[in-house]
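Beneath this line is the structure, given in structure tokens, with notes to follow.
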Amino acid sequence: MSITHLLFWFLTVLALGSALMVIFSKNPVHSILWLIATFFAISGHYILLNAQFLAIVNIIVYAGAIMVLFLFVVMLMNLNSASIPLKNKWLGFAGVISGGSLLLVLTAALKDTEIMRNDVMMKTGDIGLIHNLGLVLFKDYVLPFEISSVLFLSAMVGAVVIGKKD
Amino acid sequence: MDWEFILEKLLLITVVVTVSLVVAMYATYIERKFAGFIQDRYGPDRAGPFGILQPLADGLKLFFKEEVIPSHSNKLLFVLGPCLAMLTAMMTSAVIPWSSPIEIGGRTVSLQIADINIGILYVFGVVSMGVYGMMIGGWASNNKFSLMAALRGASQAISYELAMGLSLIAVLMLSGSLSLRVITEQQVTGLWNIVYQPLGFLIFFVCALAECNRAPFDLPEAESELNFGYHQEYSSMKLGFFLFAEYINMFISCALIATLYLGGYDMPFVNEANLSGSSAAIVGAVALFSKTFFLILVFMWIRWTLPRFRYDQLMNLGWKSLIPLALANMLITGAVILWTMKG
């Protein structure tokens, strides 16, 4: 058992445990904090896979920016467990069935793929380093990259239009 | 794994943390003395000669105060808030190169805790985490004023992070690397980045003021509107942690500005290559620390000179002035780099 293996298992337990806590917490603010912990654990996995850029961007964008917005909304609406209305019993049932089907489809799709046959290779490969990633993005995939930036721009313009008074 | 390496890093972490704490402690004293100087009064002068024991006395007082946890607060998060504030304040110091490497007994010891190739992005990640201490603390206090202050602080921080990032991109385009060590070494051999990036330096400086919640950007603790701000319900050392984290933030961000724009550990008019390893390291550390202290003094000077902004003025400055300016700065830098590469 090397340090890398120990770290892998630690991060895995942390990620799954805090993901479960996101669902089971009664308090929405606690859920958000557990979700942040999940993102950190996943970023740790990225670092083990030698994808430092992805790891840090995951922290900046998801744990840093998006979760702050979640917290904003929850804090301002002052949600707490008492104010959540009782849900319809059938709604829960439908949720379980649709979630289960999604899980089934995902497992079926991943079962025979190449990825599942290989062990995860840790601390190897350098495609995740920022230099190589930048070269790939701006040489091989420059068109999709630019098009997705236009998508972001249109989302920003939309937000500004909605946020404008009168 | 080699044990000497781990020992060396542990020692370095201890030294950096201790130095940051001591500097932050004495920054409170210097600030009060400086405020006294500006307002034509003495400042603290009772504890010890010239009042230099004042920070110790303040710390002791905070330790001995009664600790109050409001009965309707969320206790776990109430304690977590100041801890997070302190943790995120200390974490940035890991990537700052404090001086050039020294040699001890045939080993080259780097005076930087971690030279990661995404150094600047790491700083950004930690800065974006910084709002959580404030937000969680403010929310868990279960007090309207604290909550409003925390939300103000968080929106201020995320607004100014944008302009900060955009002004940094220009530096990255110049240096072609995200590692703070590489950026510093380029400035040691060439000119300081402030020569190429005067506007970027100004934008970054203003944003750093806003990120540290320093006046004129101290909206989260505007006493006249919010009683005391996000740490209103805190007492004893938990309050001390919040206040202390602010001074650590100030020290670390001044060190970061010095590293990015003012040459880091480069002593002007001295050719480091002529010095031996350890004396170059000492000269470098002295250079970095004097630049940092100069910037801290400028921070304080601004605080005691300018009045506080109104909230809408703050948002207008961030979104309508600094971000377009930073974008223009980035475009011009890119164009000039492209132009010189062709010529």
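Run lengths n ≥ 4 of DSSP H only: what is the helix-derived mean residue ellipticity at 222 nm for chain B, with -39500 (n - 2.57) per run over all residues, to the nearest 500?
Per the formula, -22500 deg cm²/dmol.
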Worksheet entry | Å³ per residue enclosed by the Cα convex hull of the stretch B:193-267 | 86
Discussion item. For the ranges A:43-53, A:4-14, what's the packing order if you count other beta-carbon atoms within 10 Å of each residue, average per peptide, and put the highest first?
Written reply: A:43-53, A:4-14
Worksheet item: In nm, to one decimal, how far is the modelled label at A:W9 from the one at A:D126, with both set 7 Å along Cα→Cβ?
Response: 3.2
Discussion item. If Rh is defined by the Kirkwood formula over all Cα pairs and Rg also comes from Cα, what ratio Rg/Rh do you get for the stretch B:128-247?
Written reply: 1.10
Worksheet item: Interface A/B, total buried accessible area with a 1.4 Å probe, nearest 100 Å²?
Response: 2000
Worksheet item: FRET efficiency for A:I23 and A:F72, Cβ-Cβ distance as r, R0 = 25 Å, nearest 0.05?
Response: 0.70
Response to the item:
Taking every residue of B:4-14, the Cβ atoms of other protein chains inside 10 Å of its Cβ average out to 0
Worksheet item: Which angle between 0 and 90 degrees, to the nearest 10, do you get for helix B:119-140 versus the longest principal axis of chain B when only C-alpha atoms count?
Response: 0
Item to complete: List the residues whose amide H sits under 5 Å from the amide H of B:S100, counting only those 5 or more places along or on another chain, with H placed 1.01 Å from N in the peptide plane.
Response: B:G284, B:A285
Discussion item. Could you work out how much longer the chain between B:I337 and B:M237 gets when fully extended? Use 0.36 nm per residue separation minus the Cα distance between them, nm to one decimal.
Written reply: 31.0 nm
Worksheet item: Tell me, what is the FRET efficiency for B:L327 and A:F152 to the nearest 0.05, using R0 = 25 angstrom and their Cβ-Cβ distance as r?
Response: 0.95
Practice prompt. At 25 °C and 0.890 mPa s, grab the translational diffusion coefficient of chain B from Stokes-Einstein with a Kirkwood Rh over Cα pairs, rounded to a whole number in µm² per second.
Written response: 115
Fill in: Cα long-axis angle, helix B:198-211 against chain B (0 to 90 degrees, to the nearest 10)
30
Item to complete: When you have a sec, figure out the Kirkwood radius of the stretch B:1-102 from all distinct Cα pair distances and drop it here in Å to one decimal?
Response: 17.2
Worksheet, complete the sentence: Along principal axes, largest first, the alpha-carbon spread of the stretch B:226-341 in whole Å comes out as 56, 42, 24
Worksheet entry | With every protein chain in place, the stretch B:196-257: carbon and sulfur % of accessible area (1.4 Å) | 63
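Packing-wise, with mean Cβ within 10 Å as the measure, how do B:112-118, B:208-214 rank, highest first?
So the peptides B:112-118, B:208-214, ranked by packing, come out B:208-214, B:112-118.
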Worksheet item: What accessible area per residue, rounded to a whole number of Å², is obtained for the stretch B:73-171 using a probe radius of 1.4 Å?
Response: 31
Item to complete: Express in % the proportion of alpha carbon pairs of the stretch B:54-179 at distances exceeding 24 Å.
Response: 50
Practice prompt. Report the label-to-label distance for B:L7 and B:L306 in nanometres (one decimal), using points 7 Å from each Cα along the Cα→Cβ vector.
Written response: 4.9
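Compute the whole-percent fraction of alpha carbon pairs in the protein assembly as shown spaced more than 29 Å apart.
Tail of the P(r) past 29 Å holds 58 percent of the pairs.
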Discussion item. Using a loss threshold of 50 Å², tell me which positions in the stretch A:45-63 are less accessible in the complex than in their chain alone. Probe radius 1.4 Å, ligands and nucleic acids ignored.
Written reply: A:Q52, A:I56, A:I60
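The values are calculated or read from the model by the stated rules, or taken from the named source; none is laboratory data. Here the structure is a predicted model, which is why all the values come from computation and not from measurement. Note that we place each Cβ from the backbone using ideal geometry, even for glycine, and neighbour counts take in every protein chain shown. Protein only, heavy atoms only, side chains kept; ligands, DNA and RNA dropped before computing areas. Shrake-Rupley method; radii C 1.70, N 1.55, O 1.52, S 1.80 Å.
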